[in-house]
Each structure stands twice: as structure tokens, then as C-alpha cells.
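The values are calculated or read from the model by the stated rules, or taken from the named source; none is laboratory data. As the structure is a prediction and not an experimental result, all values here were calculated from the model. Please note: Cβ atoms are built from the backbone with ideal geometry, for glycine as well, and neighbour counts cover all protein chains shown.
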Amino acid sequence: VVLFSFFLALPFLYKLLFGTSALLFFSGAVGMELAGGWLLTTYGEESLLYTGGYLVEEALEMTGLTVLLPSLLAYIRRQFPHARLITA
């Protein structure tokens, strides 16, 4: 609930970027998990189809995170222009 109100208050560009990343991540985490379960029971763990489904699931999740991280950093840079990230 708290994050949803934060999401609604975002400028359109960040809504689009954060929404796209969430869609990618959850389509892999939930959608491909369901498809992967079906592929596992239908074809078995050693099948190429199950392995491909597993690959697509992980790729969608990682792509969602890859879209989220630069979007979040750009939003932070916009909101706090004088903030600095220092790494050791």
C-alpha cells in the first residue's frame, strides 16, 4: 500500500520504467514459474523445453532488475541532485 502511493506520485517516465521492470520481473517470477512447473511435470527435468523455460524465467527476472536499477538511480539523482554515492 505504501509503495503503491509512492508509485502513483511518480512522474510518468518513472512510472513507465518502474512498471516495465516490475512487469518483466513478475512475468518471470510468477508466469514462467507456472509454465516451468507444467513443463517439468509434462516433459521432465532433463528435457530441453524445461531447460529453456528455466532460462527464460531467469532472464526475465534479471532483465527486470537490470531495468529497475538504472531507473531507480536516475530517480534518486533527480530528486537529490547533490547526493553522492561513494564506494570504497
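Considering region 1-65, the qualifying helices (runs of 4 or more DSSP H), each wholly inside and each with 3 or more residues that are over 30 Å from GLN79 (Cα atoms), of a type in the set (Ser, Thr, Tyr) and out of contact with any Ser or Thr (no Cβ under 6 Å at 6 or more places or on another chain), run over 32-43. Confirm whether TYR14 is of a type in the set (Ser, Thr, Tyr), more than 20 Å from LEU69 (Cα to Cα) and surrounded by 14 or more Cβ atoms within 10 Å (Cβ to Cβ). In short, no.
Somewhere in region 3-18, is a residue more than 13 Å from the chain's Cα centre (by Cα) and of a type in the set (Gly, Ala, Ser)? Yes, region 3-18 contains at least one residue that is more than 13 Å from the chain's Cα centre (by Cα) and of a type in the set (Gly, Ala, Ser).
I want to confirm something. Restricting to region 66-88 and keeping residues that are among the β-branched types (Val, Ile, Thr) and outside any loop (DSSP other than H, G, I, E, B), which single residue is nearest to SER21 (Cα to Cα)?
Going residue by residue through region 66-88, those that are among the β-branched types (Val, Ile, Thr) are 66-67, 76, 86-87.
When the remaining residues are screened for being outside any loop (DSSP other than H, G, I, E, B), the result is 66-67, 76.
Details: THR66: 8, VAL67: 5, ILE76: 16 Å.
Ranking the candidates gives VAL67 first.
Among the residues of region 36-71, write down those that are of a type outside the set (Ser, Thr, Tyr) and in contact (Cβ under 8 Å) with a residue 40 or more places away in the chain. Hits for region 36-71 are GLY64, LEU65, VAL67, LEU68.
Can you tell me which of LEU17, LEU60 is more than 17 Å from LEU3 (Cα to Cα), of a type in the set (A, V, I, L, M, F, W, C) and either in contact with a helix residue (DSSP H, G or I) (Cβ under 8 Å, 6 or more places away or on another chain) or modelled with pLDDT of 95 or more (or both)?
Values: LEU17 fails: more than 17 Å from LEU3 (Cα to Cα).
Only one candidate qualifies: LEU60.
Within region 28-35, can one find any residue that is without any contact (Cβ under 8 Å) to a residue 12 or more places away in the chain and charged (D, E, K, R)? Checked against the condition, which is being without any contact (Cβ under 8 Å) to a residue 12 or more places away in the chain and charged (D, E, K, R), region 28-35 yields no hits at all. When region 34-86 is filtered for residues that are among the small types (Gly, Ala, Ser) and loosely packed, with under 12 Cβ neighbours inside 10 Å, the ones remaining, listed by number, are GLY44, ALA83.
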